[in-house]
Amino acid sequence: MPHPLSLPTSPPLSSHSHASIPAMSSVTFGGASITSRLVPSSSARTSLSHSSSSSLKPLGSAPLVSQLFLNPKPRSLPHAVARPYSRAAAPKCQASDPEQLKLAREDIKELLKTTFSHPILVRLGWHDAGTYNKNIEEWPQRGGANGSLRFEIELKHAANAGLVNALKLVQPIKDKYPGVSYADLFQLASATAVEEAGGPKIPMKYGRVDVSGPEQCPEEGRLPDAGPPSPADHLRQVFYRMGLNDKEIVALSGAHTLGRSRPDRSGWGKPETKYTKDGPGAPGGQSWTAQWLKFDNSYFKDIKEKRDEDLLVLPTDAAIFEDPAFKVYAEKYTEDQEAFFKDYAEAHAKLSNLGAKFDPPEGIVIDDGPSQPVPEKFVAAKYSSGKE
């Protein structure tokens, strides 16, 4: 699921541990990348670079791409900056602490309120899990949700362009709660972002073990592209390899209801539309939906109607209404948001578990009940500075 994303000037952050990190929004699946570019302040950079628990060496000025899963068009990669993160590796069998998981979730909610980073955090979880290969039994060679995306070698994969910015957003939370594995933190952030945007409650479990070093990262090329020659065949090839089916492919595609794509970062979309010219965050880019920080079924409705040139439709997006088998589910979700939410929640949870090794084996459940968040009404101009 691909996405280009960029964040211009964003509103000031709260006084939490992540307060000095700028806002960004990005999501990716099917090709484009939605990204709100966040450029941390100097104080944030200092705190991150001195963190003893971080395992990555960020790409610094890497462009933010909000691609919920698919690769952007080929483009040159930025060079790594000289300022490294700590190389301290997470323990091989790090079961996350349930209480720290709960506290981390609350901090993620606060982060979302000030950075509008829902799309890119969804993408962060998807891209860590989406490298899974069901035909490989050994862990971590099989890929999947194992925290490997924190390492520079994997961050430099073309499909992950810009995700260093998502890592910068969640690193202060990881530093604050060292009892939470990176693998769990990425999936916790992804699920929480969907829920806080008004989406369904996702039946998550935690306790994912982190890989210990960059040599355990998967090879490049396991994530989908946005504009392959045969979009439907490509989607099946990639997602069948993960063990997902046609219904799950279409349901997950619906997450493109969040975010926007920027042509200067992913090669897809318009520089600006009437829906993105006022932000939130940096103005610009092209979104899949008019209210692109609200999780609902408008993605399916807008693709079917094809009535608005300001809304993005990637080749992989169009495929869900052109392929006969995919179309059955796309039509269903267009008419029935409740059905979409149900199937999306199940597919997201399944994706988040792909390839993971759990400690304890049964996982950790931290949800107290089925309460549903009520998102604030989206008014783009309210959150934008109107300046790049």
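The values are calculated or read from the model by the stated rules, or taken from the named source; none is laboratory data. Just so we're clear, the structure is a prediction, and the values are computed from it rather than from any experiment. Every residue, glycine as well, gets a Cβ built from its backbone with ideal geometry; the counts of neighbours run over all protein chains shown. Only protein heavy atoms, including side chains, enter the accessible area calculation; ligands, DNA and RNA are left aside. Shrake-Rupley method; radii C 1.70, N 1.55, O 1.52, S 1.80 Å.
Give the residue list of GluC sites (Glu not before Pro) in the range 312-370 that are DSSP loop and have at most 13 other beta-carbon atoms within 10 angstrom. Walk me through the numbers on the way to the answer.
Numbers: sites: E322, E331, E335, E338, E346, E362; in loops: E362.
Qualifying residues, ordered by number: E362.
For the pair D233 and E215, how long in nm is the line joining their label points, each one 7 Å along Cα→Cβ?
Computed distance between label sites D233 and E215 equals 3.9 nm.
Which whole-number percentage describes the relative contact order of the range 98-216, with Cα contacts under 8 Å and a sequence gap of 6 or more?
Taking the mean separation of contacting Cα pairs over the length of the range 98-216, I get 37 percent.
Which of the GluC sites (Glu not before Pro) found in the range 158-253 are in a DSSP loop and have at most 13 neighbouring Cβ atoms, other than their own, within 10 Å?
Numbers: sites: E195, E196, E215, E219, E220, E248; in loops: E219, E220.
Of the GluC sites (Glu not before Pro), the ones in loops of the range 158-253 whose Cβ has at most 13 other Cβ atoms within 10 Å are E219.
Go through the range 316-332 residue by residue and turn each phi into a ³J(HN,Hα) via Karplus (6.51, -1.76, 1.60, θ = phi - 60°); whole Hz please, and just put x for glycine and proline.
With the stated coefficients, the range 316-332 comes to 6, 6, 4, 4, 6, 9, 9, 7, x, 6, 5, 4, 4, 6, 4, 5, 4 Hz.
Relative to the Cα centre, what is the charge dipole magnitude of the range 231-349, using +1 at the beta carbon of each Lys and Arg, -1 at the beta carbon of each Asp and Glu, and rounding to the nearest 20 debye? All intermediate terms of the calculation are to be shown ahead of the outcome.
On the way: 17 positive and 21 negative charges, 66 e Å.
Dipole size: approximately 320 debye.
From the Cα gyration tensor of the range 231-349, with a ≥ b ≥ c the square roots of its eigenvalues, which class applies: rounded if a/c is under 1.5, or else prolate if a/b is larger than b/c, or else oblate? Please report the intermediate quantities before stating the final value.
Working: a/c = 1.82, a/b = 1.57, b/c = 1.16.
Prolate is the answer for the range 231-349, as a/c is 1.5 or above and a/b outweighs b/c.
How about K306: which aspartates and glutamates have a C-alpha closer than 12 Å to its C-alpha, ignoring those fewer than 8 places off in the same chain?
Leaving aside aspartates and glutamates fewer than 8 places away in the same chain, those within reach of K306 are D317.
Counting other Cβ atoms within 10 Å of each Cβ, which trypsin sites (Lys or Arg not before Pro) in the range 109-142 have at most 11 and sit in a DSSP loop? Walk me through the numbers on the way to the answer.
Details: sites: K109, K113, R123, K134, R142; in loops: K134, R142.
Nothing satisfies the criteria.
Can you give me the accessible area per residue for the range 98-216, using a 1.4 Å probe, in Å²?
On the way: 2840 Å² over 119 residues.
About 24 Å² of surface per residue is accessible.
Which listed residue (N297, L311, V328) has the Cα farthest towards the positive end of the charge dipole for the range 231-349, taking +1 on Lys and Arg C-beta and -1 on Asp and Glu C-beta about the Cα centre?
Checking the options against the dipole of the range 231-349, the answer is L311.
Between E106 and K306, what length in nm is gained on full extension when 0.36 nm per residue of separation is reduced by their alpha carbon distance? Please list the in-between numbers first.
Numbers: separation 200, 0.36 × 200 = 72.00 nm, distance 3.82 nm.
Gain on extension, E106 to K306, equals 68.2 nm.
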